[in-house]
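Undergrad: Following this message is one structure expressed as structure tokens.
The values are calculated or read from the model by the stated rules, or taken from the named source; none is laboratory data. Since this is a predicted model, take the numbers as computed values, not measurements. In this analysis, Cβ positions are derived from the backbone assuming ideal geometry, glycine residues included, and neighbour counts consider all displayed protein chains.
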There are 2 protein chains.
Amino acid sequence: MSDIRKHYFLDEYCIIASERSKRPSDLVSEKTERVAISNCVFCSGNEDKTPPATAVYKNGDVLEDKQDVHVTGWDVRCIPNLFPAVSPTPAKIEPSDWQIDAGFGYHEVIVETPVHGRTISDLSDHELALLMRAYKDRVVHYQSQTGIEYVSLFKNWGERAGASLEHIHSQLIALPLLPPLLRREQDVIQDIKKCPYCDIVEKEENSERFVYENADVLAFTPHFSIAPFEVWILPKQHIDHFANCADEVMRSLGDAIRFVISRYDTILDSPSYNYMFYQIADGSYHLNVRIQPVLATRAGFEKNTDIYINTVSPEDAASYLREQ
Amino acid sequence: MSDIRKHYFLDEYCIIASERSKRPSDLVSEKTERVAISNCVFCSGNEDKTPPATAVYKNGDVLEDKQDVHVTGWDVRCIPNLFPAVSPTPAKIEPSDWQIDAGFGYHEVIVETPVHGRTISDLSDHELALLMRAYKDRVVHYQSQTGIEYVSLFKNWGERAGASLEHIHSQLIALPLLPPLLRREQDVIQDIKKCPYCDIVEKEENSERFVYENADVLAFTPHFSIAPFEVWILPKQHIDHFANCADEVMRSLGDAIRFVISRYDTILDSPSYNYMFYQIADGSYHLNVRIQPVLATRAGFEKNTDIYINTVSPEDAASYLREQ
């Protein structure tokens, strides 16, 4: 079982999830599993190789697996993670000096397509709209569960980005606390009269860091870029959370994500990447997506200072990322 | 030239150092340079392939290179980084809305031995004492320079830890600001009556996370471990900074670092690792070293929340790391 541990004296947390770990030597060789497609647990036809699905999107309906009956012929499939970082029924843990909390929460995998080998860039408008609908449904569902304070939604693609399986998928981890990173943002934003993200939209829309826009969202390389070719996507209107986000804006977010990933694929030769959604349903926060290809290493300096050295200026990155 | 950029509205910083970067395709293939030993710029005999050394330790003396005359036969050699993240003579930058600062500072490389292929575990007591002396001298030197607020001292070893050259070396980056990570610690510590690190020494010395100790320092896997097999090393007595650290304690720190690296080499098959020194000369901070082998990936969840998922409990890690 896992537990959520607090730093000795700071407002920082880590999750000790030792279920998967064996001996030190197992850890050394941890690599992306290159499985034969016939054995891929996320592939259509292998539904019995995962825990029963919690939500299955099929022909416009939302279904769920029964213990022994799996929905087949699906479009998007949401399943509990087989090796969860947190669990809805954590073991009881004796509290210690440094607040060892049981690892309460939910950990779900969203399989984005039944077909192995496709990427986000391959998805049609219709498929992308469905994925964004699933994102919204699942986040809103977990955000309303008792004891949940934050739902982290993210995608790891490629070995350097931490993906352990090739078949494209996203993950959702629902936590019993608002992460310090978001709380620090929230504290500052609530002290500022005008939403700082609205201000950023206004300024970056016409800056040399502009990358892409559609009716609802703006994509740009942020002035403060902690990774080469990092892109932020912001709704142009003030929206705090998926719960308050129109389906149309969700689709526009998906459209911008697909544009950016396609450009990465072209100019950076399909690099590993992560994208993450940041949102707080408090009225003042401004929903945003950050996409980071993994092209550099978080090394000793970053670990010592939390200041990132980025060897590509966001102005240069934007000039490559804009449609040529 | 580089510049230090502030986040749009948070107290966070990054350094844009685009001097080395070329086209996106160059970035994709960035790997550890496997150079022939005869071409290694850190090897004895190749002194003319680096900028002139700022400090050279030789037979107990501290010398320095003249423009055209290099000290040879050295034990430890400190040189300016050829591709610095910050510079003592930065270009002037037009200030913008988000405080673009010129990248002022110093970036130095400490070559730990003239011999290629050796590791920290191979160093004798005498060699280790000399390295620790160089660490102290160089940090204290830069800490006293006008405009410098923090000196980051760290070591990257192995490709996954961000080392771009095989020949063992440490790096020092002197910055015009106290990094937010340390400032947050300082704020909390100054609010607490008793030093929290002194409290940690007392509690972890007899815990199941104990790894190693000598007369002056304690090594343990912290209760709050953000990476598998992370180890912290703390002086047993309250010491804030190298400037106030006796040579004997510096040597004891080196001894504990060597012990931990040797154990990593044995049980984790010489993994990539980083170690970092954390210190503030303010009386209340407690000097500490953190060592992290690179066995996991900072993926989407960590980037979204700043909460780390660690698959090895520090209690298990300590049991492997203790002398068998």
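Yes/no matrix, rows are residues, columns are (1) crowded, with 17+ Cβ neighbours inside 10 Å; (2) under 30 Å from B:ASP11 (Cβ atoms); (3) not basic (Lys, Arg):
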| residue | (1), (2), (3) |
| --- | --- |
| B:ARG183 | no, yes, no |
| B:GLN190 | no, yes, yes |
| B:GLU208 | no, no, yes |
| B:TYR212 | yes, no, yes |
| B:GLN237 | no, no, yes |
| B:MET250 | yes, no, yes |
| B:ASP255 | yes, no, yes |
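Undergrad: Going residue by residue through region B:107-118, is there one that turns out to be touching a Cys at 6+ places or on another chain (Cβ under 6 Å) and closer than 30 Å to B:CYS14 by Cβ?
TA: Yes - at least one qualifying residue is present in region B:107-118.
Undergrad: For region A:41-75, which positions are buried (at least 16 other Cβ atoms within 10 Å of the Cβ), of a type in the set (Val, Ile, Thr) and free of Cβ contacts under 8 Å to residues at least 24 places away in the same chain?
TA: Across region A:41-75, the qualifying residue is only A:VAL56.
Undergrad: Determine which member of the set A:PRO228, A:PRO179, A:PRO235 is away from every other protein chain (no Cβ under 13 Å), of a type outside the set (A, V, I, L, M) and under 22 Å from B:GLY300 (Cα atoms).
TA: Checking each option against the conditions leaves just A:PRO235.
Undergrad: Suppose the filter is in the same structural domain as B:ARG138 (by TED's automatic domain parsing), in a strand (DSSP E or B), at negative phi and in contact with a helix residue (DSSP H, G or I) (Cβ under 7 Å, 6 or more places away or on another chain); does B:LEU172 pass it?
TA: Working: in the same structural domain as B:ARG138 (by TED's automatic domain parsing): yes; in a strand (DSSP E or B): yes; at negative phi: yes; in contact with a helix residue (DSSP H, G or I) (Cβ under 7 Å, 6 or more places away or on another chain): yes.
Yes; evaluated as a whole, the condition is true for this residue.
Undergrad: Could you please let me know if B:ILE291 is more than 9 Å from chain A (Cβ to nearest Cβ), outside any helix (DSSP H, G or I) and modelled with pLDDT of 95 or more?
TA: In short, yes.
Undergrad: Further question: Would region B:312-319 turn up any residue that is among the polar types (S, T, N, Q) and either more than 23 Å from B:ILE173 (Cβ to Cβ) or outside any loop (DSSP other than H, G, I, E, B) (or both)?
TA: Yes, that holds for at least one residue.
Undergrad: So, in region B:245-288, of the ones that are of a type in the set (Gly, Ala, Ser) and more than 12 Å from chain A (Cβ to nearest Cβ), which residue ends up nearest to A:GLY162 (Cα to Cα)?
TA: Taking the candidates together, the pick is B:SER262.
Undergrad: Could you figure out which of (1) in the same structural domain as B:SER38 (by TED's automatic domain parsing); (2) touching a residue at least 40 places away in the same chain (Cβ under 8 Å); (3) more than 19 Å from A:GLY300 (Cα to Cα); (4) of a type in the set (Val, Ile, Thr) isn't true of B:VAL211?
TA: Going through (1) in the same structural domain as B:SER38 (by TED's automatic domain parsing); (2) touching a residue at least 40 places away in the same chain (Cβ under 8 Å); (3) more than 19 Å from A:GLY300 (Cα to Cα); (4) of a type in the set (Val, Ile, Thr) one by one, B:VAL211 breaks only (1).
Undergrad: For A:GLY162, are the conditions met, namely being within 21 Å of A:THR119 (Cβ to Cβ), surrounded by fewer than 22 Cβ atoms within 10 Å (Cβ to Cβ) and within 12 Å of another protein chain (Cβ to nearest Cβ)?
TA: no
Undergrad: Check whether at least one residue in region B:123-139 is part of a loop (DSSP other than H, G, I, E, B), in contact with a Ser or Thr (Cβ under 9 Å, 6 or more places away or on another chain) and either on the phi < 0 side of the Ramachandran plot or without any contact (Cβ under 8 Å) to a residue 40 or more places away in the chain (or both), and report yes or no. Give the derivation first.
TA: In the first step, residues of region B:123-139 are kept if they are part of a loop (DSSP other than H, G, I, E, B); the result is B:123-124.
The next check asks that each one be in contact with a Ser or Thr (Cβ under 9 Å, 6 or more places away or on another chain); those that pass are B:123.
Within this subset, residues satisfying the condition of being either on the phi < 0 side of the Ramachandran plot or without any contact (Cβ under 8 Å) to a residue 40 or more places away in the chain (or both) are B:123.
The answer is yes; a qualifying residue exists.
Undergrad: Can you report the number of residues in region B:294-324 which are surrounded by fewer than 21 Cβ atoms within 10 Å (Cβ to Cβ), at the interface with chain A (Cβ under 7 Å from one of its Cβ atoms) and of a type in the set (S, T, N, Q)?
TA: Within region B:294-324, residues that are surrounded by fewer than 21 Cβ atoms within 10 Å (Cβ to Cβ), at the interface with chain A (Cβ under 7 Å from one of its Cβ atoms) and of a type in the set (S, T, N, Q) number 1.
Undergrad: Let me ask something else. Can you find, within region A:182-195, the residue that is nearest to A:SER2 (Cα to Cα) among those that are at the interface with chain B (Cβ under 10 Å from one of its Cβ atoms) and without any contact (Cβ under 8 Å) to a residue 40 or more places away in the chain?
TA: Residue satisfying both the conditions and the ranking: A:ARG184.
Undergrad: Then there's this: Mind checking which residues of region B:100-158 are at pLDDT 95 or above, aromatic (Phe, Trp, Tyr) and more than 18 Å from B:ILE261 (Cα to Cα)?
TA: If the condition is that a residue be at pLDDT 95 or above, aromatic (Phe, Trp, Tyr) and more than 18 Å from B:ILE261 (Cα to Cα), then B:TYR106, B:TYR142, B:TYR150 are the ones that fit.
Undergrad: On to the next question. May I ask you to list the residues in region B:122-141 that are of a type in the set (Gly, Ala, Ser) and surrounded by fewer than 20 Cβ atoms within 10 Å (Cβ to Cβ)?
TA: Hits for region B:122-141 are B:SER124, B:ALA129.
Undergrad: For A:LEU178, are the conditions met, namely being more than 12 Å from the chain's Cα centre (by Cα) and touching a residue at least 24 places away in the same chain (Cβ under 8 Å)?
TA: Working: more than 12 Å from the chain's Cα centre (by Cα): yes; touching a residue at least 24 places away in the same chain (Cβ under 8 Å): yes.
Spelling it out, A:LEU178 is indeed more than 12 Å from the chain's Cα centre (by Cα) and touching a residue at least 24 places away in the same chain (Cβ under 8 Å).
Undergrad: While we're looking at this one, here's another question. Given the condition within 9 Å of chain B (Cβ to nearest Cβ) and assigned to a loop (DSSP other than H, G, I, E, B), answer yes or no: does some residue in region A:196-208 qualify?
TA: no
Undergrad: Please enumerate the residues belonging to region B:4-24 that are modelled with pLDDT under 85 and more than 7 Å from chain A (Cβ to nearest Cβ).
TA: Taking region B:4-24 first, the residues modelled with pLDDT under 85 are B:18-24.
Hits for region B:4-24 are B:GLU19, B:LYS22, B:ARG23.
Undergrad: Among the candidates B:TYR285, B:TYR275, single out the residue that is under 28 Å from B:GLU149 (Cβ atoms), under 15 Å from the mean Cα position of the chain (by Cα) and among the hydroxyl-bearing types (Ser, Thr, Tyr).
TA: Criteria check complete, one pass: B:TYR275.
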